[in-house]
Structures are given as C-alpha cells and as structure tokens.
Amino acid sequence: MMIRIGKENLQSEFVKLVERISGEKLANCYQCGNCTGGCPVSYAMDYGPQEIIRLLQLGQEETVKNANSMWICVGCLQCYQRCPKSVSAANILEALRLLTLRKGEDHDNIKDLPFQFLKEAPQQAIICGFRKLVA
Ligand code: SF4
Ligand code: SF4
C-alpha cells in the first residue's frame with residue numbers, strides 16, 4: 001500500500017519549525033537512501049537520516065523526538081554531499097537538537113561525566129560535545 005504524505009503532517013507546527021530552523025523542505029526528499037548509506041554513524045542511530053526525514057514527512061513527531069539520531073549525528077555533512085536533491089539531513093538533525101536544547105532539555109549533564117573521561121578526552125572533543133549536547 002502506498003503511503004501518502006498528508007498535507008496536515010507537512011503543516012504541523014513542529015514540522016514547520018524544523019523546516020524554518022533547518023532551511024530545508026522535507027517534501028524535497030524522495031527517500032533514495034543515499035544519506036543513510038553514506039552516514040558513518042547511522043549504525044548507532046535508532047533511525048538513519050533518511051528515516052528521520054520520512055518520519056517527519058509522516059508527522060511522527062514523538063518518534064523523532066525520542067530517537068537518539070539527532071544526538072549521534074557528528075555533523076560531517078556526508079549526507080548532504082550525497083543527496084541528489086540537495087537536502088541536508090545534517091541541517092534537519094541540527095534543527096531537532098536546537099528545538100530540544102532551546103527548551104532547556106540538555107542531552108548530557110556535565111556533572112555526570114566521569115572524571116577520567118574529562119581528564120583524558122581531547123579538549124576539542126569536550127568543547128564540541130558541550131556545544132552540541134548542552135543548552
Ligand atoms: S539522500 Fe536526499 S533525497 Fe535521498 S533519502 Fe537522503 S535526504 Fe532524501
Ligand atoms: S552529518 Fe550526521 S546524518 Fe549526515 S552523514 Fe554526517 S553523521 Fe550522518
């Protein structure tokens with residue numbers, strides 16, 4: 001059975017926000033899967049970038065919000081590089097992160113990070129992680 005993208009889904013407030021922040025049009029994605037195919041960390045995601053976009057097209061807001069995908073993305077832009085429709089899944093995942101962080105919902109709590117990790121991890125990794133995972 002063919003699943004159609006409902007107009008009401010594309011116009012939900014959440015999807016509108018994701019589109020506005022990311023600058024991407026979700027309907028431009030035709031689900032070829034190139035983004036997920038090239039993503040170096042999709043194996044660790046609950047849903048790869050292609051699936052995240054499809055879930056958003058279908059208005060599955062809660063599933064997207066609860067997936068770890070936005071936090072796993074390393075922002076390498078491989079997905080954008082490979083997309084024949086010039087859709088940046090990286091921008092979409094970044095928009096999802098921003099929407100969560102702007103509500104004050106940190107993904108990581110700094111005080112919970114193990115001391116040994118803070119001692120040994122490269123400073124760039126720590127700063128980069130804080131910028132991405134903490135409001
Ligand atoms: S590569 Fe582009 S068109 Fe293909 S699934 Fe990913 S975002 Fe959609
Ligand atoms: S930017 Fe994120 S989603 Fe895109 S290929 Fe890199 S890790 Fe995967």
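The values are calculated or read from the model by the stated rules, or taken from the named source; none is laboratory data. Being a predicted model, the structure only gives us computed values, none of them experimental. Methodologically, a virtual Cβ is constructed for each residue, glycine included, from the backbone with ideal geometry; neighbour enumeration extends over all protein chains shown. When the accessible area is computed, the model is the full protein with side chains, heavy atoms only, and any ligands, DNA or RNA have been set aside. Shrake-Rupley method; radii C 1.70, N 1.55, O 1.52, S 1.80 Å.
Regarding CYS83, is this residue within 10 Å of ligand 1 (Cβ to nearest atom), over 20 Å from LEU133 (Cα atoms), surrounded by 17 or more Cβ atoms within 10 Å (Cβ to Cβ) and touching a residue at least 24 places away in the same chain (Cβ under 8 Å)? For CYS83, the condition - within 10 Å of ligand 1 (Cβ to nearest atom), over 20 Å from LEU133 (Cα atoms), surrounded by 17 or more Cβ atoms within 10 Å (Cβ to Cβ) and touching a residue at least 24 places away in the same chain (Cβ under 8 Å) - is met. When ASP46, ASP108 are screened for being under 26 Å from ARG131 (Cα atoms), more than 16 Å from ligand 2 (Cβ to nearest atom) and not in a helix (DSSP H, G or I), only ASP108 passes. Taking only pairs six or more apart or across chains, which ones have beta-carbon atoms under 7 Å, a first residue in the stretch 89-105 that is closer than 22 Å to SER42 by Cβ, and a second residue that is open to solvent by less than 10 Å² (accessible area, probe 1.4 Å) and small (Gly, Ala, Ser)? What qualifies is LEU93/SER69. Which residues, taken from the stretch 57-67, are under 17 Å from THR36 (Cβ atoms) and touching a Phe, Trp or Tyr at 6+ places or on another chain (Cβ under 9 Å)? Once the filter is applied, which keeps residues that are under 17 Å from THR36 (Cβ atoms) and touching a Phe, Trp or Tyr at 6+ places or on another chain (Cβ under 9 Å), the stretch 57-67 yields THR63, VAL64, ALA67. Looking across VAL87, VAL134, VAL74, one residue alone is at pLDDT below 95 and within 13 Å of ligand 2 (Cβ to nearest atom). It is VAL74. In the set GLU94, GLU120, GLU62, GLU105, only one residue is within 15 Å of the chain's Cα centre (by Cα), open to solvent by 80 Å² or more (accessible area, probe 1.4 Å) and of a type in the set (Asp, Glu); that residue is GLU62.
The single condition from (1) assigned by TED's automatic domain parsing to the domain that holds GLU24; (2) touching a residue at least 12 places away in the same chain (Cβ under 8 Å) that GLY129 fails is (1).
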